[in-house]
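The values are calculated or read from the model by the stated rules, or taken from the named source; none is laboratory data. Keep in mind that what you see is a predicted model, and the values were worked out from it rather than measured. All Cβ positions, even for glycine, are placed from backbone atoms using ideal geometry, and neighbour counts span all protein chains on display. Quick note on the areas: whole protein, heavy atoms, side chains included, nothing else; ligands and nucleic acids left out. Shrake-Rupley method; radii C 1.70, N 1.55, O 1.52, S 1.80 Å.
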Amino acid sequence: MSSLLREEMQRVLFRPAKHRLVEFIEIEEPLPGRHFLCVSVGRKKVVQLSIVHCQISKTIQKSGSKKLQTQRSSIQECYKKIEIWSLNDLTLVDGRDPDV
């Protein structure tokens, strides 16, 4: 399952931005849907961390019959980067001594 998620996020989000998805983990958020913390690398070895939100949106498309309606979801609309950081911008602080 995780390899399918990786391939889909790579194809939809990271490949168009010229980045390669290196690793991701699922995180818990109070918002509905699934959230992932992703690490990607750009062409010039620029490392980015991003939070990706996945919520399947369903659209109703009518077919030829008046009674028959089908529901379809679009994967491209499912994945959305909601926060992006450069690795250089992040600093590890333990809360007591920022120099440690």
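Checking each residue in the range 20-34 for being assigned to a loop (DSSP other than H, G, I, E, B) and open to solvent by less than 80 Å² (accessible area, probe 1.4 Å) picks out Glu29, Gly33. The residue of the range 1-16 that is surrounded by the most Cβ atoms within 10 Å (Cβ to Cβ), among those that are closer than 18 Å to Gln48 by Cβ and touching a residue at least 40 places away in the same chain (Cβ under 8 Å), is Met9. Among the aliphatic types (A, V, I, L, M), within 17 Å of Glu83 (Cα to Cα), touching a helix residue (DSSP H, G or I) at 6+ places or on another chain (Cβ under 7 Å) and open to solvent by less than 70 Å² (accessible area, probe 1.4 Å): does that describe Val52? It is true that Val52 is among the aliphatic types (A, V, I, L, M), within 17 Å of Glu83 (Cα to Cα), touching a helix residue (DSSP H, G or I) at 6+ places or on another chain (Cβ under 7 Å) and open to solvent by less than 70 Å² (accessible area, probe 1.4 Å).
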